[in-house]
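Everything below concerns the one structure shown next.
A short reminder: the numbers here are calculations on the coordinates, not readings from a lab. What you see is a predicted model; the values in this text were computed from it and never measured. Quick reminder, even Gly has a Cβ in these numbers, built from the backbone with ideal geometry, and neighbours come from all protein chains shown.
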């Protein structure tokens with residue numbers, strides 16, 4: 001999983017809000033949401049293999 005997705009997902013699981021993650025990563029909230037969604041998708045796909 002690319003680091004940008006892993007970072008967003010890890011921070012979210014640790015309890016940070018979307019807004020906090022966007023401030024930490026200097027990206028928009030929409031970008032953070034997208035990265036978290038893609039990270040979950042990649043994670044779930046990895047279990048199917």
Scanning region 21-37 residue by residue, those more than 15 Å from residue 2 (Cα to Cα) and exposed (fewer than 15 other Cβ atoms within 10 Å of the Cβ) turn out to be 23, 24, 26, 28, 29, 30
Please find, among 16, 5, the residue that is free of Cβ contacts under 8 Å to residues at least 40 places away in the same chain, crowded, with 16+ Cβ neighbours inside 10 Å and either touching a strand residue (DSSP E or B) at 6+ places or on another chain (Cβ under 7 Å) or outside any helix (DSSP H, G or I) (or both).
16
If I filter region 38-48 for residues that are surrounded by 14 or more Cβ atoms within 10 Å (Cβ to Cβ), free of Cβ contacts under 8 Å to residues at least 40 places away in the same chain and assigned to a loop (DSSP other than H, G, I, E, B), do I get at least one hit?
no
